[in-house]
1. Within the range 100-111, can one find any residue that is within 19 Å of Tyr56 (Cα to Cα) and outside any loop (DSSP other than H, G, I, E, B)?
2. Can you tell me which of Tyr43, Tyr56, Tyr105 is touching a Leu at 6+ places or on another chain (Cβ under 8 Å), modelled with pLDDT under 90 and open to solvent by less than 70 Å² (accessible area, probe 1.4 Å)?
3. Name the pairs: first residue in the range 43-70 and closer than 26 Å to Asp31 by Cα, second residue open to solvent by less than 60 Å² (accessible area, probe 1.4 Å) and of a type in the set (Phe, Trp, Tyr), Cβ to Cβ under 9 Å, at least 6 apart or on different chains?
4. Only one of Leu91, Leu85, Leu33 is open to solvent by 80 Å² or more (accessible area, probe 1.4 Å) and either over 23 Å from Leu13 (Cβ atoms) or among the hydroxyl-bearing types (Ser, Thr, Tyr) (or both). Can you tell me which?
5. Return yes when Gly77 is in contact (Cβ under 8 Å) with a residue 60 or more places away in the chain, open to solvent by less than 40 Å² (accessible area, probe 1.4 Å) and touching a Phe, Trp or Tyr at 6+ places or on another chain (Cβ under 6 Å) and no when it is not.
6. In contact with a Ser or Thr (Cβ under 6 Å, 6 or more places away or on another chain), closer than 30 Å to Ser7 by Cα and not hydroxyl-bearing (Ser, Thr, Tyr), is that true of Leu78?
7. So, in the range 63-74, exactly how many residues are open to solvent by 60 Å² or more (accessible area, probe 1.4 Å) and in contact with a Gly (Cβ under 9 Å, 6 or more places away or on another chain)?
8. I'd like to check something: does the range 121-133 contain any residue that is open to solvent by less than 40 Å² (accessible area, probe 1.4 Å), closer than 19 Å to Val49 by Cβ, of a type in the set (A, V, I, L, M, F, W, C) and modelled with pLDDT of 85 or more?
Amino acid sequence: MTARSDSSALLLLAGSLLAVALVYGVLVPSDVLGGDGSQAVLYVVVGWVPFTLVFYALGRGFSSPEALPSMRSADAGLALVLVLLLLSLGLEAWGISPEQLPEAYVLQAIGIFVGLALFGWGIGRRSRAIGQRADS
């Protein structure tokens with residue numbers, strides 16, 4: 001990896017961390033506490049992109065894959081996100097709202113964030129390995 005790509009990974013990490021802090025530290029709490037909470041779900045979903053980019057930058061900047069890594073972690077992360085989103089929609093369709101069973105929705109939210117982290121890390125590691133192969 002060149003110094004330029006390492007600095008771009010650090011810049012991406014810093015910008016993504018700033019965006020995650022802004023979304024989950026400022027926008028979501030201010031909407032939930034100060035307003036009616038109608039925009040909170042939108043802010044959470046928009047915050048998924050910088051959250052995933054944080055783990056992409058970590059994987060690209062701080063991993064050291066020996067060979068071209070498989071995409072299993074990214075595939076597993078994406079599958080986890082999609083399955084938990086479908087489960088969440090299924091619970092809503094069956095009439096179980098977050099107010100009735102908040103534990104189920106909290107577990108799904110944690111799982112979605114774990115899946116996004118796995119997806120970002122897997123893609124970041126893969127792009128780091130491809131960049132190392134191109135430099136060789």
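The values are calculated or read from the model by the stated rules, or taken from the named source; none is laboratory data. If you're wondering where the values come from, they're calculated on a predicted model, not measured in any experiment. For neighbour counting, all protein chains shown are included, and Cβ atoms are generated from backbone atoms with ideal geometry for every residue, glycine included. To get the accessible areas, we keep the full protein, side chains included, count just its heavy atoms, and leave off ligands, DNA and RNA. Shrake-Rupley method; radii C 1.70, N 1.55, O 1.52, S 1.80 Å.
1. In the first step, residues of the range 100-111 are kept if they are within 19 Å of Tyr56 (Cα to Cα); the result is 110-111.
Filter again for outside any loop (DSSP other than H, G, I, E, B), leaving 110-111.
Within the range 100-111, one or more residues are within 19 Å of Tyr56 (Cα to Cα) and outside any loop (DSSP other than H, G, I, E, B).
2. On the way: Tyr43 fails: modelled with pLDDT under 90; Tyr56 fails: modelled with pLDDT under 90.
Within the list Tyr43, Tyr56, Tyr105, the selection yields Tyr105.
3. Within 9 Å, the pairs are Trp48/Phe113; Phe51/Phe113.
4. Numbers: Leu91 fails: open to solvent by 80 Å² or more (accessible area, probe 1.4 Å); Leu85 fails: open to solvent by 80 Å² or more (accessible area, probe 1.4 Å).
None of the others qualify; the one that does is Leu33.
5. Working: in contact (Cβ under 8 Å) with a residue 60 or more places away in the chain: no; open to solvent by less than 40 Å² (accessible area, probe 1.4 Å): yes; touching a Phe, Trp or Tyr at 6+ places or on another chain (Cβ under 6 Å): yes.
So Gly77 fails the test.
6. Numbers: in contact with a Ser or Thr (Cβ under 6 Å, 6 or more places away or on another chain): no; closer than 30 Å to Ser7 by Cα: yes; not hydroxyl-bearing (Ser, Thr, Tyr): yes.
Spelling it out, it is not the case that Leu78 is in contact with a Ser or Thr (Cβ under 6 Å, 6 or more places away or on another chain), closer than 30 Å to Ser7 by Cα and not hydroxyl-bearing (Ser, Thr, Tyr).
7. Qualifying residue count, the range 63-74: 2.
8. The first filter runs over the range 121-133 and keeps only residues open to solvent by less than 40 Å² (accessible area, probe 1.4 Å), leaving 122, 124, 127-129, 131.
Those left that are additionally closer than 19 Å to Val49 by Cβ: 122, 124, 127.
Now narrow it down to the ones that are of a type in the set (A, V, I, L, M, F, W, C): none.
Within the range 121-133 (the criterion being open to solvent by less than 40 Å² (accessible area, probe 1.4 Å), closer than 19 Å to Val49 by Cβ, of a type in the set (A, V, I, L, M, F, W, C) and modelled with pLDDT of 85 or more), the answer is no, since none of the residues qualifies.
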